[in-house]
Amino acid sequence: MLQDLGYALRRLRNQPGYAAAAVLALALGIGCTTAIFSVMQAVILRTLPVPRSERLVSLSENQPEAPDSSLSAPDVLDLKAQVRSFESVSAAFGMRLVLTGIDRPQRVIGSETDADYFRVLQASAMIGRLYGPGSSGEVVLSERLWRRVFGADPGAVGRTLSIDGQPRTIVGVLPSGSSVPTRHELWVSTLAVLPAMPGFPQGVTMRGEHYLNGIARLRPGATLAQAQAELDVLSSRLAAAYPSTNKDHRLRAGSLQERIVGEAKRPLWILLGGVVLVLLIACANVAGLQLARAAAGERDLAVRAALGASRGQLVRQILVESAALALAGGALGLFASWWGVKALVALAGPALPRGSEVGIDVGVLVFALGISTAAGIAAGIAPALLASRTDSMAALRASATTTGRRSRLRDSLVTGEIALAVMLLAGAALLIRSFERLRAVDPGFRPEGAVVLPLSHAEKGAEEFHAEVARRVSAIPGVHAAGAALNLPMGGSITAGDISFEGRPARDGEYIAETQFVSGDYFRAIGIPLRRGRYLTARDTARSARVGVVNEAFARKFFPGEEALGKRFSYGVADSGTPTWVEIVGVVGDVRQSSLSQAPDPEVYYPVLQAPARAVEMTLVIRSDLGLASLLSLLRTEIASLDPDQPVTGLQTLESSVSTTLQQRRLSTLLLSLFSAGALLLALLGIYAMLACSVAQRTREIGVRMALGARRGGVVRLVVGQGMRLAALGAGLGVAFALLLGRVIAGLLYGVGPHDPLTFAAVVVLLLGAALLACWVPARRASRVDPLIALRAE
């Protein structure tokens with residue numbers, strides 16, 4: 001084996017062009033595959049870093065108008081008491097929190113949870129302890145926050161800090177990798193049995209208010225199916241007992257890991273499939289190069305066979321050479337994948353769950369070694385078996401007995417490369433067209449020229465604070481409009497609730513509208529057009545008549561064929577108490593709150609001073625001509641005069657905020673496009689190498705043709721025709737494969753069908769045009785063959 005390896009390295013050193021081409025082709029395939037695998041391993045394949053994470057369950061609720069909704073507090077209490085398949089159950093509410101009592105105020109993403117939260121996770125503290133049953137108002141920090149704010153000081157445990165104006169005691173630090181959700185940095189135990197919605201403490205007793213995220217741990221021996229069966233029984237029981245709030249509602253249990261991965265799972269599997277196809281094309285390319293090289297070295301193999309080398313020794317020699325190329329390509333690909341993983345995680349940003357866990361570890365190194373070995377065998381096995389069948393006597397007489405077999409195999413490899421390249425190109429083209437259609441969708445507002453700033457305030461005085469901030473910022477010279485909203489469009493959070501209409505019977509689950517609390521000149525600041533009536537103004541205070549502005553989807557759905565202005569509705573189910581009627585004073589354009597791909601739902605805008613809940617968290621929207629730096633300085637001055645502990649950080653353009661919602665689609669489209677470009681390049685190199693080898697082998701035939709009167713144009717057509725026949729056959733097979741791929745990626749498309757004929761036609765034209773160019777160079781070389789020199793050499 002060592003002798004074979006030494007011989008293979010000497011042969012490769014003597015042919016550096018061939019070695020470089022093969023190593024680069026394999027490095028492209030292996031590097032891309034390793035990079036995507038490292039992401040797949042961290043996001044999907046690796047279990048959550050908590051004990052027996054496979055038994056962790058995510059709890060949600062399906063409603064008629066809101067599938068996969070959060071839970072109400074009373075339903076959580078019933079679930080805890082009646083579902084025996086769960087060992088423990090917990091509920092949490094995620095929010096932005098302002099920390100004071102430290103060097104400088106900090107805004108973090110955290111969770112308020114019940115006391116059973118860490119009991120469900122079965123996590124362990126790295127310092128101090130985690131809170132448990134009986135705790136109230138205790139705080140656990142993430143390791144990341146502990147290092148950033150407290151400099152990894154163990155003395156931080158036991159300190160008191162202020163969270164949203166309330167004193168809380170730090171009891172422990174959670175090690176990195178143990179947090180769920182992964183981006184949260186702080187957990188605080190609720191003062192009550194379950195967390196209350198910020199600014200709406202009465203919501204903890206209302207079954208119609210769904211705001212809690214539930215998690216549970218399966219009891220030993222229990223299965224997810226058993227738990228779901230119990231939840232179905234409980235759902236039916238609650239629907240019968242509380243028809244006004246629970247009719248047609250179904251509690252659901254699912255894997256917590258699946259919940260965290262969410263929508264990222266399908267794109268990652270598609271990308272992994274794409275890079276595997278690129279690797280197959282690279283292996284086919286190297287196999288084609290080896291076939292061409294074997295044809296040139298046939299006499300050498302024949303000599304070795306004549307001197308006693310067995311067929312197994314000849315196969316081993318070629319496989320060792322192929323493995324050496326693959327390992328060199330794997331080493332280069334691993335280096336490229338290390339850089340590629342960093343770039344991929346940076347490009348993905350928040351769109352990639354568990355992104356902080358992605359990296360090159362031992363598992364990835366083992367995968368890279370395995371995939372390199374497999375690639376070497378895949379690229380070398382067919383050339384090795386074919387070359388080892390050489391008739392030594394015929395080869396020594398220069399009779400090419402295996403030329404036909406080699407040509408057929410090489411043609412098959414090229415056809416397969418083209419088919420796979422067309423398949424990838426079609427998938428990438430569909431995603432590109434889909435992405436462009438999505439970008440062209442009107443979001444219903446104007447992000448250009450607007451900036452946003454997150455704000456949080458303690459419950460006491462929150463409404464007045466947000467209203468006054470909007471008023472003061474609006475008065476800054478250079479600011480055209482300023483206002484705040486509870487949830488920014490496409491910001492990842494949506495608040496919705498039941499409503500009731502005056503003069504109509506209450507119909508819980510059918511009259512549902514998204515809820516927005518706004519202050520200042522929010523509509524003009526974000527660019528939502530007024531259709532009828534008026535905007536909300538500073539005159540809409542707690543002392544004035546209750547009013548609201550609705551969107552066009554609200555008017556179309558609840559008042560078809562009639563005018564919505566002047567109609568009245570109440571927040572919540574009217575028969576659950578005395579209703580507070582809200583008059584519709586304006587109708588504004590529809591805004592795509594969830595995403596560009598989701599049609600607008602009915603929506604109500606309340607003035608913040610009349611909101612049914614206190615607006616603890618809001619986001620300030622400012623439309624101005626000022627630069628970010630100068631505007632930030634002015635904002636700090638104005639906001640500090642109202643609340644010195646308010647962190648004025650996170651100012652960004654609204655365009656970048658909206659762009660983040662397209663990050664996952666953009667990344668999938670970009671990567672699949674890059675893989676497709678690599679596949680196309682490899683396929684074209686395969687065509688070129690095949691034709692160049694064919695021209696070299698047919699030099700005598702071409703010389704004879706030209707000596708008998710064949711014109712150069714006829715020779716060009718002969719060679720180009722040979723290559724284009726393979727390209728056309730590969731394109732046809734590729735379209736058939738692409739039809740199957742279209743079904744797989746259909747869920748990622750918007751505004752374009754998975755079998756779009758225009759897209760497929762464009763891909764085929766692109767491929768055939770590029771193939772024609774790849775055929776042209778060998779054809780030109782063939783047309784310049786001097787018949788006298790060709791025949792004399794023969």
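The values are calculated or read from the model by the stated rules, or taken from the named source; none is laboratory data. What you see is a predicted model, and the numbers here were worked out from it, not measured in a lab. Every residue, glycine among them, receives a Cβ derived from its backbone with ideal geometry; neighbour counts consider all protein chains shown. Keep in mind that these areas ignore ligands, DNA and RNA; they rest on the heavy atoms of the full protein, side chains included. Shrake-Rupley method; radii C 1.70, N 1.55, O 1.52, S 1.80 Å.
Return the total of residues in the stretch 208-248 being outside any strand (DSSP E or B) and touching a Pro at 6+ places or on another chain (Cβ under 8 Å).
1
Tell me which of these Val719 doesn't satisfy, since it passes every other one: (1) open to solvent by less than 20 Å² (accessible area, probe 1.4 Å); (2) out of contact with any helix residue (DSSP H, G or I) (no Cβ under 8 Å at 6 or more places or on another chain).
Just one mismatch for Val719, condition (2).
Report yes if Gly747 is surrounded by fewer than 15 Cβ atoms within 10 Å (Cβ to Cβ) and part of a helix (DSSP H, G or I), otherwise no.
yes
Yes or no: Thr34 closer than 26 Å to Pro353 by Cα and open to solvent by 10 Å² or more (accessible area, probe 1.4 Å)?
no
Restricting to the stretch 582-612, give me the number of residues that are under 30 Å from Phe435 (Cα atoms) and assigned to a loop (DSSP other than H, G, I, E, B).
14
Under the condition of being open to solvent by less than 10 Å² (accessible area, probe 1.4 Å) and part of a strand (DSSP E or B), which residue from the stretch 61-82 is nearest to Ala196 (Cα to Cα)?
That would be Ser72.
How many residues, within the stretch 451-475, are part of a strand (DSSP E or B) and open to solvent by 20 Å² or more (accessible area, probe 1.4 Å)?
So the answer is 1.
Counting just the residues of the stretch 607-638 that are touching an Asp or Glu at 6+ places or on another chain (Cβ under 8 Å), modelled with pLDDT under 90 and within 22 Å of Arg524 (Cα to Cα), which one comes out most open to solvent (accessible area, probe 1.4 Å)?
Leu609
Of the residues that sit in the stretch 750-769 and are of a type in the set (Gly, Ala, Ser) and not in a helix (DSSP H, G or I), which one is most open to solvent (accessible area, probe 1.4 Å)?
Within the stretch 750-769, the match that is most open to solvent (accessible area, probe 1.4 Å) is Gly751.
So in the stretch 332-354, with the set limited to residues that are of a type in the set (Gly, Ala, Ser) and without any contact (Cβ under 8 Å) to a residue 40 or more places away in the chain, which one is most open to solvent (accessible area, probe 1.4 Å)?
Ala346
Here is a list: Pro74, Pro51, Pro105, Pro67. Which entry is more than 12 Å from Ile215 (Cβ to Cβ) and either touching a Gly at 6+ places or on another chain (Cβ under 9 Å) or free of Cβ contacts under 8 Å to residues at least 12 places away in the same chain (or both)?
Selected residue: Pro67, the only one of Pro74, Pro51, Pro105, Pro67 that is more than 12 Å from Ile215 (Cβ to Cβ) and either touching a Gly at 6+ places or on another chain (Cβ under 9 Å) or free of Cβ contacts under 8 Å to residues at least 12 places away in the same chain (or both).
Suppose we filter Arg543, Arg532 for residues that are outside any strand (DSSP E or B) and over 37 Å from the mean Cα position of the chain (by Cα); which single one remains?
On inspection, the qualifying residue turns out to be Arg543.
Yes or no: Leu5 open to solvent by 50 Å² or more (accessible area, probe 1.4 Å), of a type outside the set (Val, Ile, Thr), more than 30 Å from Leu174 (Cβ to Cβ) and at pLDDT below 80?
Yes.
Here are some conditions: (1) closer than 27 Å to Val57 by Cα; (2) in contact with a helix residue (DSSP H, G or I) (Cβ under 7 Å, 6 or more places away or on another chain); (3) surrounded by fewer than 22 Cβ atoms within 10 Å (Cβ to Cβ). Ala152 meets all but one. Which one does it not meet?
(1)
So for the stretch 476-495 (the condition being among the β-branched types (Val, Ile, Thr), under 24 Å from Gly548 (Cβ atoms) and outside any loop (DSSP other than H, G, I, E, B)), does at least one residue qualify?
No: the stretch 476-495 contains no residue that is among the β-branched types (Val, Ile, Thr), under 24 Å from Gly548 (Cβ atoms) and outside any loop (DSSP other than H, G, I, E, B).
Give me the pairs: first residue in the stretch 488-504 and within 16 Å of Pro447 (Cβ to Cβ), second residue modelled with pLDDT under 80 and β-branched (Val, Ile, Thr), beta-carbon distance under 6 Å, and six or more apart or on different chains, which are they?
Met490/Val658; Met490/Thr661
Just one of Thr660, Thr653 is hydroxyl-bearing (Ser, Thr, Tyr), surrounded by fewer than 20 Cβ atoms within 10 Å (Cβ to Cβ) and within 21 Å of Val518 (Cβ to Cβ); which is it?
Thr653
Please tell me if Asp575 is at pLDDT below 85 and surrounded by fewer than 22 Cβ atoms within 10 Å (Cβ to Cβ).
Judged against the criteria, Asp575 is a match.
Report, ordered by the first and then the second residue, all pairs with beta carbons closer than 7 Å, sequence separation of six or more or different chains, a first member in the stretch 467-483 that is at positive phi, and a second member that is part of a loop (DSSP other than H, G, I, E, B).
Short answer, once both residue conditions are applied: Gly478/Asp625; Gly478/Leu626.
For the stretch 480-505, how many residues are surrounded by 20 or more Cβ atoms within 10 Å (Cβ to Cβ) and at pLDDT 90 or above?
The number of residues fulfilling the criteria is 5.
Restrict the check to the stretch 145-168 and report whether at least one residue is part of a strand (DSSP E or B), touching a strand residue (DSSP E or B) at 6+ places or on another chain (Cβ under 8 Å), under 20 Å from Pro133 (Cβ atoms) and touching a residue at least 24 places away in the same chain (Cβ under 8 Å).
Scanning the stretch 145-168 turns up at least one residue that is part of a strand (DSSP E or B), touching a strand residue (DSSP E or B) at 6+ places or on another chain (Cβ under 8 Å), under 20 Å from Pro133 (Cβ atoms) and touching a residue at least 24 places away in the same chain (Cβ under 8 Å).
For residues that are assigned to a strand (DSSP E or B) and farther than 12 Å from Tyr131 by Cβ, scanning just the stretch 187-201, find the one that is most open to solvent (accessible area, probe 1.4 Å).
Checked the stretch 187-201; the qualifying residue most open to solvent (accessible area, probe 1.4 Å) is Met197.
Whether any residue in the stretch 554-562 is open to solvent by 10 Å² or more (accessible area, probe 1.4 Å), part of a loop (DSSP other than H, G, I, E, B), among the acidic types (Asp, Glu) and free of Cβ contacts under 8 Å to residues at least 24 places away in the same chain is what I want to check.
Yes, the conditions are met somewhere in the stretch 554-562.
Of the residues Ala731, Ala689, Ala683, only one is under 28 Å from Ala22 (Cβ atoms), within 34 Å of the chain's Cα centre (by Cα), surrounded by 16 or more Cβ atoms within 10 Å (Cβ to Cβ) and modelled with pLDDT under 85; which?
Ala683
Within the stretch 581-606, which residues are open to solvent by 40 Å² or more (accessible area, probe 1.4 Å) and of a type in the set (A, V, I, L, M)?
The answer is Ala599, and nothing else.
If you go through the stretch 42-58 one residue at a time, how many are open to solvent by less than 30 Å² (accessible area, probe 1.4 Å) and either part of a helix (DSSP H, G or I) or farther than 30 Å from Phe86 by Cβ (or both)?
Final tally of qualifying residues: 4.
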